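The values are calculated or read from the model by the stated rules, or taken from the named source; none is laboratory data. From a predicted model like this one, the values you see are computed outputs, not experimental measurements. Every residue, glycine among them, receives a Cβ derived from its backbone with ideal geometry; neighbour counts consider all protein chains shown.
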Amino acid sequence: MAVYKEEKTNTWRVLYRYTDWNGERKQSQKRGFKTKREAQAWEREQLNKLGGDLDMSFKSFVQHYSEDMQARIKENTWATKEHIIQTKLMPYFGKLKMCNITAQQIITWQNKLINYKGDNGKPYSPVYLKTIHNQLSAIFNHAVRYYNLKENPCQKAGSMGKKKNREMLFWTKEEYLKFADAMMDKPMSYYAFEMLYWTGIREGELLAITPADFDFEKRTVTINKSFQHLNGRDIITSPKTEKSNRTIQLPKFLCDEMQDYLKMLYDVGLEDRMFPVTKSYLHREMNRGAKEAGVKRIRIHDIRHSHVSLLIDMGFSATAIADRVGHESIDITYNYAHLFPSKQAEMADKLDMERGE
């Protein structure tokens, strides 16, 4: 690399040569540095990147991480990760060198987030704290795996927060029916929540549904996409997981309702969204309906929990429920274990019989 002064503009230019990922020699440059020192500092950063030397700032490494990861994951997933990086990680670690960040610094950062209170006086939830920590750890793991960093300091520091909230909220069937009655003044809202409650599909899956996804003769709906509103744009992605691609059998009354709803829609095409609203709309309607019906306010995602709890109460197995909602059966067993009928007494009685023989 070399640094040159450009007399016409009175700025500095860096000219550098490098070998790219497939072994070809390349040459590039960067102009517009106000001082020689700025140009040399940028030059050092490039040398560190090209040499795999982690004697670079966290901010510079995150650029590397972004280039490596952004094309591999969904746009909406990356947007969530980037928000956490820019708002929760960069302000604290941005100027620190990757190879010098210690477990003690990470503990100090954790404590700041744990003790943080928002404008409403509330702290971050344990689940959100866990999510933030996981993102920082993922960046260091990437550095260890691909860029020769010796170790991930997050592993020494330990995690913060919890993977899941302790309380799982859901509506009983009676609570949902009260809510549904309050929704009947707005057909789109009513039919949207009917689909959510009686099928257990995710919010994004609902908003991506088109008439072509229904087979009313077989009484099924096919889930193969998800809707997101991101950076002012409506985008359709694949579902959350591979298991989420599924065909759901519908009860007859729900098939009838969906056909009634389609007759209300003006000039809707087979590939048009049947519920052309955003998640914010559903959240506002959730607030309105819960208040009018006098039932507890739960999250939109908790309607999915409500569907699962209904199926458990009806006696269906974890495996059957998992196929319907697009989960692994082990997740249903673990996350909803407290809702399944206890077999402990029956086990003890049978062990008594075994011992008696």
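Residues in segment 317-338 that are surrounded by fewer than 16 Cβ atoms within 10 Å (Cβ to Cβ) and modelled with pLDDT under 80 were compared, and the one that is farthest from PRO239 (Cα to Cα) is HIS338. If the condition is being surrounded by 14 or more Cβ atoms within 10 Å (Cβ to Cβ) and within 27 Å of ARG297 (Cα to Cα), then segment 249-272 contributes LEU250, LEU254, GLU257, MET258, TYR261. Of the residues making up segment 283-299, those that are crowded, with 17+ Cβ neighbours inside 10 Å and either touching a Lys or Arg at 6+ places or on another chain (Cβ under 7 Å) or in a helix (DSSP H, G or I) (or both) are GLU285, MET286, GLY289, ALA290, ALA293, VAL295.
Taking segment 52-92 as the range and being among the aliphatic types (A, V, I, L, M), over 22 Å from LEU113 (Cα atoms) and under 17 Å from the mean Cα position of the chain (by Cα) as the test, the residues that pass are MET69, ALA71, ILE73.
Residue count for segment 5-44, restricted to those that are of a type in the set (D, E, K, R), modelled with pLDDT under 85 and more than 22 Å from SER57 (Cβ to Cβ): 5.
Before we move on, is ILE235 among the hydrophobic types (A, V, I, L, M, F, W, C), within 20 Å of the chain's Cα centre (by Cα) and in the same structural domain as ILE209 (by TED's automatic domain parsing)? The answer is yes for ILE235. Whenever a residue of segment 77-103 is on the phi > 0 side of the Ramachandran plot, it has no partner that is among the hydrophobic types (A, V, I, L, M, F, W, C) and part of a helix (DSSP H, G or I) lying with C-beta atoms less than 7 angstrom away and at least six residues away or across chains. Looking at this structure, is MET184 within 24 Å of LYS279 (Cβ to Cβ), in contact with a His (Cβ under 7 Å, 6 or more places away or on another chain) and surrounded by fewer than 17 Cβ atoms within 10 Å (Cβ to Cβ)? Judged against the criteria, MET184 is not a match. Among the residues examined, LEU196 qualifies as under 21 Å from SER306 (Cβ atoms), touching a Leu at 6+ places or on another chain (Cβ under 8 Å) and surrounded by 17 or more Cβ atoms within 10 Å (Cβ to Cβ).
Residues that are of a type in the set (Val, Ile, Thr) and part of a loop (DSSP other than H, G, I, E, B) within segment 247-282 comprise VAL268, VAL277, THR278, listed in sequence order. The residue that is modelled with the highest pLDDT, among those in segment 232-246 that are surrounded by 14 or more Cβ atoms within 10 Å (Cβ to Cβ) and of a type in the set (Ser, Thr, Tyr), is THR237. Could you say which residue among VAL127, VAL62 is surrounded by 15 or more Cβ atoms within 10 Å (Cβ to Cβ) and of a type in the set (A, V, I, L, M, F, W, C)? VAL62 is the lone residue from the list that is surrounded by 15 or more Cβ atoms within 10 Å (Cβ to Cβ) and of a type in the set (A, V, I, L, M, F, W, C). Within the bounds of segment 307-319, is there any residue that is out of contact with any Ser or Thr (no Cβ under 6 Å at 6 or more places or on another chain), among the polar types (S, T, N, Q) and either in a loop (DSSP other than H, G, I, E, B) or in contact (Cβ under 8 Å) with a residue 60 or more places away in the chain (or both)? Looking through segment 307-319, at least one residue is out of contact with any Ser or Thr (no Cβ under 6 Å at 6 or more places or on another chain), among the polar types (S, T, N, Q) and either in a loop (DSSP other than H, G, I, E, B) or in contact (Cβ under 8 Å) with a residue 60 or more places away in the chain (or both). In summary, helices (runs of 4 or more DSSP H) completely within segment 156-224 and bearing 3 or more residues that are in contact with a strand residue (DSSP E or B) (Cβ under 6 Å, 6 or more places away or on another chain) occur at 203-208. If the Cβ limit is 6 Å and pairs must be 6+ apart or interchain, which residue in segment 149-161 that is under 9 Å from ALA103 (Cβ atoms) pairs with which residue that is of a type in the set (Ser, Thr, Tyr) and surrounded by fewer than 20 Cβ atoms within 10 Å (Cβ to Cβ)? Short answer, once both residue conditions are applied: PRO153/THR102; CYS154/SER137. Of all the listed residues (LEU113, LEU129), the sole one being under 17 Å from LEU96 (Cβ atoms) and assigned by TED's automatic domain parsing to the domain that holds LEU96 is LEU113.
Residues considered: THR210, THR222. Of these, the only one that is over 20 Å from THR80 (Cα atoms), surrounded by 15 or more Cβ atoms within 10 Å (Cβ to Cβ), in contact with a helix residue (DSSP H, G or I) (Cβ under 9 Å, 6 or more places away or on another chain) and hydroxyl-bearing (Ser, Thr, Tyr) is THR222.
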